[in-house]
Amino acid sequence: LNSPKLLMGESYGTTRSAGLADALQERGMPLNGVVLVSSYLNAYVDFSGPPLALDLPYELYLPTMAATAWYHDKLSPKPADLAAFLAQVRAFALGDYEQALDKGSHLGAAERDAVVAKLHQYTGISEQYWREANLRLTPDRFEKELLRDERRTVGRLDARYEGIDHDNAGESPEYDAADAAINGPFTTAFNYYLKNGLHYTSDRRYLTTNYGVVGRSWDDHHHGADMLDVAEDLRDAMSKNPQLKVFSANGYFDFATPFFETE
């Protein structure tokens, strides 16, 4: 018990780490550190919230779209400095873009034209597509549209990966190119570790991801709410334990847990 105690979680694991840090502290076991890799703390600011009812997720995903377009050379001209470019996109997302979405049908034609031009400049997606989408692109639509002229899709977990669908129509990729690329190596490496490192054998299948469990048997109720928000749990733990260190890491090209949502 006198040893340093740290929790590290990735994706849904960050949800657990943030909540568990507070729960353990309330039970007399404060942690020394929490490491969050690709955070998912607040469902209300993501597309898992009320469907199409909130504009905030569109704004928070925009910098990830911009970074992805930059990586795949879909911007003309292409900014030389990615970090400086994304600083501009962040400001636009919570500035002119947010104001335009807030105005809805009251948005004037000239202002709409200016916003659409910026969206095209920052994402490489055509102005016509942005107009037809009412200035709002979900991640799956972007992943399908960005490389449509090359008959390719981009990944969800890591948009640097490219996929090939059965056809070039449709609004969403048939699969996550990033997940398909890493699933085999992850499975092989872990099974090797189980057998040769831990000397454990089993005929059960090892699943790197199991999305069926999420929709079937997870209980998302938390603190009396229907959806998860454990950011407050982590704040409570940090406030009551000033010695608690928290490190958060996010990737520019991650559509599962966008970096600007964490920020």
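The values are calculated or read from the model by the stated rules, or taken from the named source; none is laboratory data. Predicted model, so just to flag it, every value in this text is computed and none were measured. Cβ atoms come from the backbone with ideal geometry, glycine included; neighbour counts cover every protein chain shown. Accessible surface areas use protein heavy atoms only, side chains included; no ligands, DNA or RNA. Shrake-Rupley method; radii C 1.70, N 1.55, O 1.52, S 1.80 Å.
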For this session: Of all residues in the range 1-22, count the ones that are open to solvent by 30 Å² or more (accessible area, probe 1.4 Å), of a type in the set (A, V, I, L, M) and under 24 Å from Ala225 (Cβ atoms).
Result: 2
Seminar exercise, completed: If we ask which residues in the range 83-127 are among the aliphatic types (A, V, I, L, M), in contact with a helix residue (DSSP H, G or I) (Cβ under 6 Å, 6 or more places away or on another chain) and in a helix (DSSP H, G or I), their number turns out to be 7
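Does any residue of the range 209-216 turn out to be of a type in the set (A, V, I, L, M), in a helix (DSSP H, G or I) and surrounded by 10 or more Cβ atoms within 10 Å (Cβ to Cβ)?
yes
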For this session: Under 6 Å between Cβ atoms, at least 6 apart or on separate chains: pull out the pairs that start in the range 170-198 with a residue that is closer than 26 Å to Phe142 by Cβ and end on any residue that is in a helix (DSSP H, G or I).
Result: Glu171/Arg141; Glu171/Lys144; Ser172/Asp140; Ser172/Lys144; Pro173/Glu143; Pro173/Lys144
Problem set entry | Pick from the range 156-182, criterion under 16 Å from the mean Cα position of the chain (by Cα) and open to solvent by 50 Å² or more (accessible area, probe 1.4 Å), ranking: farthest from Gln121 (Cα to Cα) | Leu157
Exercise. Does the range 134-155 hold any residues that are open to solvent by less than 10 Å² (accessible area, probe 1.4 Å) and touching an Asp or Glu at 6+ places or on another chain (Cβ under 7 Å), and which are they?
Worked result: Lys144, Leu147, Thr153, Val154, Gly155
Problem set entry | Unmet criterion (only one of (1) farther than 19 Å from Pro242 by Cα; (2) not in a helix (DSSP H, G or I)) for Pro30 | (1)
Exercise. If you check every pair at least six apart or on different chains, which have Cβ atoms under 6 Å apart with a residue in the range 61-79 that is open to solvent by less than 50 Å² (accessible area, probe 1.4 Å) first and a residue that is of a type in the set (Phe, Trp, Tyr) and part of a helix (DSSP H, G or I) second?
Worked result: Pro63/Phe260; Met65/Phe142; Ala66/Tyr122; Pro79/Phe85
Problem set entry | Top-ranked residue of the range 25-60 - restricted to ones that are surrounded by fewer than 15 Cβ atoms within 10 Å (Cβ to Cβ) and among the hydrophobic types (A, V, I, L, M, F, W, C), ranked as modelled with the highest pLDDT | Met29
Exercise. So which residues in the range 218-231 are farther than 16 Å from Tyr12 by Cβ and open to solvent by less than 90 Å² (accessible area, probe 1.4 Å), if there are any at all?
Worked result: Gly224, Ala225
Exercise. Out of all the residues in the range 184-202, is one or more in contact with a helix residue (DSSP H, G or I) (Cβ under 9 Å, 6 or more places away or on another chain) and at pLDDT 95 or above?
Worked result: yes
